[in-house]
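Computed from the coordinates by the stated procedures, all read-outs in this text should not be read as laboratory data. Only a predicted model underlies this, so the values are computations on that prediction, with no experimental measurement involved. When we count neighbours, we look across all protein chains shown, and the Cβ atoms used for this are built from the backbone with ideal geometry, even at glycine.
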Amino acid sequence: MDAPPRPIVTPCVKVCIVDGESGLCLGCQRTLPEIAGWAKLSDDERAGIMEGLPARRSLIRPEKLGWG
């Protein structure tokens, strides 16, 4: 019997709003191409993107994130 597929790690927080100014999702800070291709990326590629996500928050104006 085949084992069930492994779940894919994702930064998605179910807040899917893409900021037109930065091109990043306000929930997870990924770009639309990253979101669309997420399942096709390798574990290493996903980990590399996830590592850089915190730094991307500075590309989004704080008021768009609800930070005042």
Task: the stretch 19-36, subset surrounded by fewer than 15 Cβ atoms within 10 Å (Cβ to Cβ) and touching a helix residue (DSSP H, G or I) at 6+ places or on another chain (Cβ under 9 Å), residue farthest from residue 6 (Cα to Cα) - done: 21
Open item on the list: With the requirement that a residue be touching a strand residue (DSSP E or B) at 6+ places or on another chain (Cβ under 8 Å) and either in a helix (DSSP H, G or I) or hydrophobic (A, V, I, L, M, F, W, C) (or both), what does the stretch 10-60 give you?
Closed with: 15, 16, 17, 18, 24, 25, 26, 32, 35, 56, 59, 60
